[in-house]
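Chemist: Supplied in structure tokens, the structure appears directly below.
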Amino acid sequence: MSCRSAVALPLKMAAQRRSLMQSHQSWTDDLPLCQLCGVGSAPNCTYGPDGKGTLSHPNEDGHFRFSTDCCFLYGVFNGYDGSRVASFVSQCLTAELLLGQLSTGHTDADVRRILLQAFDVVEKSYFETIDDALAEKANLQTQLPEGVYLSTQTQKMAERLKALEQEVSGGATAIVALILNNKLYIANVGTNRALLCKTTTDGQNQVIQIGRAHTTDNDDELTRLSQLGLDPVRLRQTGLISGQSSTRRIGDYKVKFSYTDIDVLSAAKHKPIISEPEIHGGQSLEGVTGFLLLMSEGLIKALESAHGPEQVNQEIVAMVAAELAQQGTLEAAAQSVVERVKRLHHDVYVSGRQRALQCSRHEDMTLLIRVINYPLVDGSLTPTQGGRIYPVSVPYSNHQSTSKTSVTLSLVMPAQGTLTNGSNTASTLEGDTPTAGQSPTATLQSTNTHTQSSSSHTHTQSSSSHTHTQSSSSSSGDGSLFRRSGSQLAQPDETGRVPPYVDFSQFYRLWGMDHSEGELGPQ
């Protein structure tokens, strides 16, 4: 083989790999999509002084949702500095898991091993696709002369160097769910989140966060990094590492191969930022009714910015439950939840209130909903056997207890089939934009809820309050929201206000007695 041929072959292969990375087509396009799953998304947004939003960069999130004869596979990927890594991982990871690697005969240990191997192979494969670009980049850096003045030739070299830098930069975090033998496995790399919502026999939603984000706020991650020779106190104070909060990520060659040039990582004995997933499972889904949520970091951060981090899990689950009861498809339900979070985030920004500064922008948002034996019959059946739960979280203290315990009191609205006064039964949550700072699920922030405990309940009813308020009013668009039980329309008073059609006096009486304040009503 001639010298010219020897050089031409790797160049041709490099061109083919770059073409594959940039292609909008994938072999995964032919895989069967899971019909028990819906995905919603929204691109990033930066608000101007007038409240109008603009796109800062193309959407960098990715996802997949496939089903095969033996298993189901789902994933949400949060890319940064471009969508190349997220796109590559979503394609390559599927190939590493759905081409016969998994079978019903595999044990939990087998599945964990296969998942670990898949992530390792995917990252190595990604770096192989940028090997040639990295080599060309290193070569140009040695040729580019130092100094301010640039000739035409050196200017072209500088432009090419910049293009190569963009081509090889970037990374992604990933949350992957696998259901095999009716068992759930979660593999997490980075800062996305998985929630499993189980509907209990009494119609409540039990929320379980599977795993924790890999950040410097994670004590286990700080322990891992400190064992490599890094200072945990300094890491916690630094927070962001090369612009990202994640301590585990896929790609990002700078922090993988040049970590000694990064001050806070320079003392590490080995690579401190890794792509190894933290794997949970298998958790049996036998007898489980509910849904699984996979969320990108952008969705989580947007809701945290608007309402604080305390009850994000409960709020998302409540939104999903409400939309599943309202929307005709899983896709529509997922998209409606994302749009709701987007609207909440925007409303807090334009309100000018204390949290407005934290809501000046949000990143790409993706939500994947996978139902598990969940009743979806024309949107009329819900986890409450016909009613819809709108959680109202309030600090509640029992007289027999010395410490206050946070619970959630539930207002159970009648099922859609029982609504009267018109054929349109759109949710009252659907029409209007929530008030700034208020959850669309009417959630008042509670301070003592631990979302990561497997015993946390989104909708826990107080046995002493019994605040189940029944209403025969319709939420249709014909003005029947203000109709009473008969056909009479409630008339506004002299102030223009419509008289209340739900009696909360029992709730206020019990609440006041519990707090030794006597009768308490709306102020």
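Chemist: In square angstrom, what is the accessible area per residue of region 223-325 with a 1.4 angstrom probe?
Modeler: Computed with neighbouring chains in place, this is 36 Å² per residue.
Chemist: Ok, one more. Listed highest first by mean packing, meaning other Cβ atoms within 10 Å per residue, what order do 269-282, 81-94 come in?
Modeler: Those peptides, ordered most packed to least, come out 81-94, 269-282.
Chemist: Dipole magnitude of region 104-205 about its Cα centre, charges +1 at Lys/Arg Cβ and -1 at Asp/Glu Cβ only, in debye to the nearest 20?
Modeler: Its charge dipole is roughly 320 debye.
Chemist: Kindly identify region 234-369 as rounded, prolate or oblate by the Cα gyration tensor criterion: order the square roots of the eigenvalues as a ≥ b ≥ c, call it rounded if a/c is under 1.5, otherwise compare a/b with b/c, prolate if a/b is larger, else oblate.
Modeler: On the way: a/c = 2.72, a/b = 1.45, b/c = 1.88.
Verdict is oblate for region 234-369.
Chemist: Between Ala163 and Ser103, how high is the FRET efficiency from 1/(1 + (r/R0)^6) when r is the Cβ-Cβ distance and R₀ = 51 Å? Nearest 0.05.
Modeler: 0.70
Chemist: Heavy atoms of the protein only, probe of 1.4 Å, neighbouring chains included. What is the accessible area of Ser67 in Å², nearest 10?
Modeler: Around 20 Å² of this residue is reachable by solvent.
Chemist: Sort 208-221, 176-189 by packing, meaning the average of other beta carbons within 10 Å per residue, with the highest value first.
Modeler: Taking the mean over residues of other Cβ atoms within 10 Å, the ranking is 176-189, 208-221.
Chemist: Extension gain Phe257-Glu276, at 0.36 nm per residue separation less the Cα-Cα distance, in nm? If you can, show how the numbers build up before the last one.
Modeler: Details: separation 19, 0.36 × 19 = 6.84 nm, distance 1.58 nm.
Between Phe257 and Glu276, full extension yields 5.3 nm more.
Chemist: Which of Lys198/Lys342; Lys52/Lys156; Lys271/Lys342; Lys137/Lys342; Lys256/Lys342; Lys137/Lys301 have a Cα-Cα distance over 31 Å? Display every interim value, and only then the final one.
Modeler: Details: Lys198/Lys342 26 Å; Lys52/Lys156 38 Å; Lys271/Lys342 37 Å; Lys137/Lys342 40 Å; Lys256/Lys342 34 Å; Lys137/Lys301 35 Å.
From Lys198/Lys342; Lys52/Lys156; Lys271/Lys342; Lys137/Lys342; Lys256/Lys342; Lys137/Lys301, over 31 Å: Lys52/Lys156; Lys271/Lys342; Lys137/Lys342; Lys256/Lys342; Lys137/Lys301.
Chemist: Return the distance in nm (one decimal) between the two label points of a simple spin-label model at Lys183 and Arg353, each offset 7 Å from Cα along Cα→Cβ.
Modeler: Distance between the two pseudo-spin positions: 4.6 nm.
Chemist: Hey, another quick one. With a 1.4 Å probe and every protein chain kept in, tell me what percent of the accessible surface of region 202-291 is carbon plus sulfur.
Modeler: Ligands and nucleic acids excluded, carbon and sulfur give 45 percent.
Chemist: Send over a whole-number figure in Å² for the accessible area per residue of region 130-189, probe 1.4 Å.
Modeler: On the way: 3000 Å² over 60 residues.
Value for region 130-189: 50 Å² per residue.
Chemist: Whenever you get a sec, compute what percent of the accessible area on region 74-122 sits on carbon and sulfur atoms (1.4 Å probe).
Modeler: 49 percent
The values are calculated or read from the model by the stated rules, or taken from the named source; none is laboratory data. Just so you know, these numbers come straight off a predicted model, no measurement behind them. Neighbour counts are summed over all protein chains in view; Cβ atoms, including those assigned to glycine, are modelled from backbone coordinates with ideal geometry. What goes into the accessible areas is simple: the full protein's heavy atoms, side chains included, and nothing from ligands, DNA or RNA. Shrake-Rupley method; radii C 1.70, N 1.55, O 1.52, S 1.80 Å.
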